[in-house]
Amino acid sequence: MPHSDFATHVAQGLGQLPKTLSSMYFYDDVGSQLFQQIMGLPEYYPTRTEYAILQEQSAAIVAALRPEAGPFSLVELGAGDGLKTKLLLRELLRQQADFTYAPVDISAGAMSGLAAALRQELPTLRLDPVVEDYATALQQLPTRPGSKAVLFLGSNIGNFGPAERLAFLRQLAAPLAPADRLLIGFDLQKDPRRIRAAYDDAQGITAAFNLNLLRRINRELEADFDLRYWQHYTDYNPLAGAVRSFLVSTRAQQVQINKLGRSFDFAAWEVIHTENSYKFTRPQIEEMAREAGLRVAAVFQDTAGDFADVVLAK
Ligand code: AVI
């Protein structure tokens, strides 16, 4: 029987040194619920900060996304529950703008939930849900009428490593015409203790989120990870601007993964690297944009300078 993408990923990630698993696989149903809880935690500042930026500056942001009058499409990669985007949608509806909102998500289930909620809450909104991967949705971008604005909010860009990030930005830039815009959320570098606390909260929700990856392997790949012998560990390195999260094996142990038909050995205190969350400076953002063939058209920040929503153009 051919292996699923997840099984192939786990076999590769645990078969190498250092062992790694991608944070991309955090988001099964349980992981998505835990992430919803993380976004409301007192220590996890990015969501509420970006929400406040969009709430307080929605008129200026909408103006920056739509430099020319006329019809346009607002395309969102990874819309989630749409809570932040609704602030922009309400502003556009208030202005009676001629626009279509096209949220993109690979999961048909997640999309139908979002679409149903939007149809109820914003009945006059023109909605075009796209159930595709990001690459396919971006390829289809030039076929949309009018100008386009592509949203990639929530500091999701921070979960890419530097090479992947640049490749992704180039992929985002490729289909853009001169009047099109990109809006990307970047978490900014700040007090390292605050950053670290955001990824190691007192209630242990982030720990549960990280450890859920092992539970997911147990559930989906019939493995026997014993959660009593695993811990969440995270650290922020201000020189690299990166939070790195790990799962730590607290003793020497062997784990059997039935669906892979093999076992994996872990030494005492060996780690599995599971996530990077990069934090940026304004000069780094300018430099990244330049490398991807883009320019910074506008920056919207909170007054403390914790988070930036950056509008990019070709
Ligand atoms: C989705 N992403 C932007 C979150 C972040 O901040 O890197 C995921 C997360 N991981 C731990 N807490 C939140």
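Some points to look at:
- Gap separating the Cα centres of segment 73-124 and segment 127-173, nearest whole Å: 16
- Magnitude of the charge dipole, segment 12-74, Cβ model with Lys/Arg +1 and Asp/Glu -1, debye to 20: 140
- Projecting the Cα atoms of Y229, Q36, A149 onto the charge dipole of the chain (Cβ charges, centred on the Cα centre) puts A149 farthest toward the positive pole.
- Based on protein heavy atoms only, the chain ends up with 46 Å² per residue of surface accessible to a 1.4 Å probe.
- Scattering profile of segment 221-306 at q = 0.13, 0.21, 0.23, 0.24 Å⁻¹ [log10 I(q)/I(0), Debye over alpha-carbon scatterers]: -0.65, -1.02, -1.16, -1.22
- Viscosity 0.890 mPa s, temperature 25 °C, Stokes-Einstein D of the chain from Kirkwood C-alpha radius, µm²/s: 118
- GNM result for the chain, Cα springs below 10 Å: residue of V30, V75, V243 fluctuating most strongly: V30
- GNM result for the chain, Cα springs below 10 Å: residue of P162, P145, P178 fluctuating most strongly: P178
- Here the Gaussian network model covers the chain, with springs between Cα atoms less than 10 Å apart; of A292, A163, A110, A163 fluctuates the most.
- To the nearest ten degrees, helix 282-291 and the longest principal axis of the Cα atoms of the chain are 80 degrees apart.
- Relative intensity of segment 65-176 on a log10 scale, I(q)/I(0) at q = 0.11, 0.22 Å⁻¹, equals -0.35, -1.36, per a Debye sum over C-alpha point scatterers of equal strength in the absence of solvent.
- Axis angle, to the nearest 10 degrees, between helix 162-173 and the longest C-alpha principal axis of the chain: 30 degrees.
- The mean sequence separation of alpha-carbon pairs under 8 Å and at least six residues apart, normalised by the residue count of the chain, gives a relative contact order of 22 percent.
- Partners for K19 among lysines (Cα-Cα distance below 22 Å; same-chain residues under 8 apart left out): K259
- Share of carbon and sulfur in the accessible area of segment 106-155 stands at 55%, probe radius 1.4 Å.
- Cα-based reach from K148 at 19 Å (exclusive), listing lysines while leaving out same-chain residues under 8 positions away: K84, K86, K314
- Over the chain: helical MRE at 222 nm, DSSP H runs n ≥ 4 each giving -39500 (n - 2.57), nearest 500: -11500 deg cm²/dmol
- Taking the accessible area of segment 1-82, probe 1.4 Å, and keeping the other protein chains in place, the carbon and sulfur fraction comes to 56%.
The values are calculated or read from the model by the stated rules, or taken from the named source; none is laboratory data. Here the structure is a predicted model, which is why all the values come from computation and not from measurement. Methodologically, a virtual Cβ is constructed for each residue, glycine included, from the backbone with ideal geometry; neighbour enumeration extends over all protein chains shown. These accessible areas exclude ligands, DNA and RNA; they are computed on the full protein's heavy atoms, side chains included. Shrake-Rupley method; radii C 1.70, N 1.55, O 1.52, S 1.80 Å.
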